[in-house]
Amino acid sequence: MRSRWLLASALAGCFALGWGAHAVTAQRRTPVSVTRLYTGSDGETHAEEIADTRLTPDAGRNGLEVSDVIKVSGLQFARTAPGWVRNWHVAERHQYIVTLSGRGEIELAGGRKIPLEPGSVILAEDSAGKGHISRTVGTEDRIALNIQLADR
């Protein structure tokens, strides 16, 4: 009889721990993380993480959360092959670059490398100075979505 009580207590405890972990996990929200490239006063490209893009509930769409509308002027898919490198350059336009598949990296002066993996988002605003190096790494093509922003 005592063993049944211990077994029932252990199962109840496991259930409570599992449910508690589920409740904590369900409350956490994955932030929308964007890496912003910009030209500093030193003429070099710098990067900063913008991890707090505000999403608010859209009351009419059953749990959907959305950001403010961002005006864009164009959208372009891009593919680069493994080993592709574009040496020092600046952003040609103000745009978001979203990696859809494959892998790449952006290298800044000083050797810092920013990984580009599926789902990573770059906001390219380094339109002056030395710029950065872009490259495709790994064994597969990198597919990206370039979203040109409308003039401010």
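The values are calculated or read from the model by the stated rules, or taken from the named source; none is laboratory data. What you see is a predicted model; the values in this text were computed from it and never measured. Cβ atoms come from the backbone with ideal geometry, glycine included; neighbour counts cover every protein chain shown.
Of all residues in the range 57-91, those satisfying the criterion of being surrounded by 10 or more Cβ atoms within 10 Å (Cβ to Cβ), without any contact (Cβ under 8 Å) to a residue 60 or more places away in the chain and over 23 Å from Arg142 (Cβ atoms) are Pro57, Asp58, Leu64, Glu65, Val66, Ser67. You will find that of Arg152, Arg135, the residue that is of a type in the set (D, E, K, R) and modelled with pLDDT of 95 or more is Arg135 and no other.
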